[in-house]
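Comments concern the structure below.
Since every read-out is calculated from the coordinates, none of them should be taken as a lab result. Small disclaimer: the values here were computed from a predicted structure and weren't measured. Note that we place each Cβ from the backbone using ideal geometry, even for glycine, and neighbour counts take in every protein chain shown.
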DNA sequence: ATGACTGCAAAGCCTTTGCACGCAA
DNA sequence: TTGCGTGCAAAGGCTTTGCAGTCAT
């Protein structure tokens, strides 16, 4: 029922291997970094934290991981897109963003998920993913 | 209880005047174009549809209208941000986007809104707005 | 040995900024 | 007349692409 801490990494590595990707390069480093993050990171932040990995490699890796459904891209209103790991069938969170200071806080809500699931089924689209973003002012900035 | 068709334009024009903005220029044209649209338009699309108006003016106008709460910016996954009018306290919709062809379809759902409203109140943030995006494949692209 | 993968640098695209002219008030 | 508003062009920032060298298999 419960998984080890590194399970997403294992799952992702396996999925990459199955898809015919090689391991050991920059892509693996991107993957491992994302595994340790609870929330979204921008491509440039990832690039900054992986000095040995080129920027292009980071973007290419994120693209591939997203195609495989291992990573989700999220738009949080800033100029740069955020990327975070996507737990298969597991809990997933959404984001509240402070329009003043840019702070991002994740949250989960079961009722919200249910509503979205229902809408998704009703739609004529075959809905694969979704995201919800709340925007406002954080306690510190309101204060 | 009901409003005339042009009410949002009137409301927006009034809000602009109250905020000390002048009228008659490119900003008014941007405003009038958005008034006729049911869904989001990108800045570049707006620029293309308003030949006499410069691109910078379009971006500046959208920024101002957004600050006044008359327009909402929405990220639909494409490179360019979308903008659509925001009815004050009125119905508002969200979007389903086809990842294959880019088609955007609006939808409304009361239960979803209720869930979001509840989450917004629980949060430590002062939530001002929100948006929900569903992504998948449209009927036509699913084949 | 082979070709997937990578880094670097250049190019692309959306968006913002600087500046001088024009028009609403 | 005043200074807000505008258009044009240049600059800025994120992302993608081209290309040749490198490394996993």
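Between the label point of residue B:142 and that of the same position in each other copy, find the distances and list them shortest first in nm, with every label point placed 7 Å from Cα along the Cα-to-C-beta direction.
4.0
With no solvent and one point on each alpha carbon, what is the Debye value of log10 I(q)/I(0) for the protein assembly as shown at q = 0.11, 0.12, 0.13 Å⁻¹?
-0.75, -0.88, -1.02
Rounded, prolate or oblate: pick one for segment A:26-76, where a ≥ b ≥ c are the square roots of the eigenvalues of its C-alpha gyration tensor, a/c under 1.5 means rounded, and failing that, prolate if a/b is larger than b/c, else oblate.
Taking the square roots of the gyration eigenvalues as a ≥ b ≥ c, segment A:26-76 is rounded.
Within 10 Å of each Cβ of A:104-111, how many other protein chain Cβ atoms are there on average?
The per-residue average across the peptide is 3.
In a GNM of chain A with a 10 Å cut-off on Cα contacts, which of A:77, A:90, A:102 has the highest mean-square fluctuation?
Among A:77, A:90, A:102, the largest mean-square fluctuation in the Gaussian network model of chain A belongs to A:90.
With 10 angstrom as the radius, rank B:121, B:94, A:92 by how many other C-beta atoms surround their C-beta, starting from the fewest. Before the final figure, lay out each step's value.
Details: B:121 8, B:94 22, A:92 17.
Ordered by Cβ neighbours within 10 Å, fewest first: B:121, A:92, B:94.
Based on the Cβ-Cβ distance of residue A:10 and residue A:141, what FRET efficiency does E = 1/(1 + (r/R0)^6) give at R0 = 51 Å, to the nearest 0.05?
0.80
Give the average, rounded to an integer, of partner chain Cβ atoms located within 10 angstrom of each Cβ in B:34-44. Please report the intermediate quantities before stating the final value.
Numbers: counts 0, 0, 0, 0, 0, 0, 0, 0, 0, 0, 0.
The mean count of partner-chain Cβ atoms within 10 Å per residue comes to 0.
Restricting to Cα pairs below 8 Å that are 6+ residues apart, what does the relative contact order work out to for segment A:89-135? Please round to a whole percent. Write out the running numbers ahead of the final one.
Values: 37 pairs, mean separation 20.7, N = 47.
Contact order relative to length: 44 percent.
Just want the ordering: A:30, A:127, from fewest to most Cβ atoms lying within 10 Å of their own Cβ.
Lowest count first: A:127, A:30.
With a Förster radius of 30 Å, plug the Cβ-Cβ distance of residue B:18 and residue B:123 into 1/(1 + (r/R0)^6) and report the FRET value to the nearest 0.05.
Efficiency, from the Cβ-Cβ distance: 0.50.
How many nanometers, to one decimal and shortest first, lie between the label point of residue B:24 and those of its other copies, if labels sit 7 Å from Cα toward Cβ?
Those separations, rounded to one decimal, come out as 7.2 nm.
For label points placed 7 Å from Cα toward Cβ, what is the shortest-first list of nm distances from residue B:38 to its copies?
Distances to the matching label points in the other copies: 4.3 nm.
Before anything else, pin down the relative contact order of chain A: Cα pairs under 8 Å, at least 6 apart, normalised by residue count, whole percent.
Details: 151 pairs, mean separation 25.6, N = 143.
Computed value for chain A: 18 percent relative contact order.
Could you list the residues of segment A:8-33 with an amide nitrogen less than 14 Å from a label point located 7 Å from the Cα of residue A:67 in the Cα-to-C-beta direction?
Residues A:16-22 fall inside that zone.
Can you tell me which of A:58, A:74, A:105 moves the most in a GNM of chain A? Springs connect C-alpha atoms under 10 Å apart.
In the Gaussian network model the winner is A:105.
Specify, for chain B, the residue whose C-beta is closest to the rotation axis mapping it onto chain A, with the distance given in whole Å.
Closest to the axis: B:75, 2.
Would you calculate the volume per residue, in Å³, of the smallest convex hull containing every Cα atom of chain A?
152 Å³
Quick check on segment B:93-143: take the gyration tensor over C-alpha atoms, sort the square-rooted eigenvalues as a ≥ b ≥ c, and tell me if it's rounded (a/c under 1.5), prolate or oblate. Intermediate values should be presented prior to the final figure.
Details: a/c = 3.66, a/b = 2.77, b/c = 1.32.
Verdict is prolate for segment B:93-143.
What full-extension length gain, to one decimal in nm, is calculated for residue B:114 and residue B:48 as 0.36 nm per residue of separation minus the Cα-Cα distance? Please list the in-between numbers first.
Working: separation 66, 0.36 × 66 = 23.76 nm, distance 3.75 nm.
Computed gain between residue B:114 and residue B:48 is 20.0 nm.
Could you identify which residue out of A:89, A:66, A:129 has the top mean-square fluctuation in a GNM of chain A using Cα springs shorter than 10 Å?
A:89
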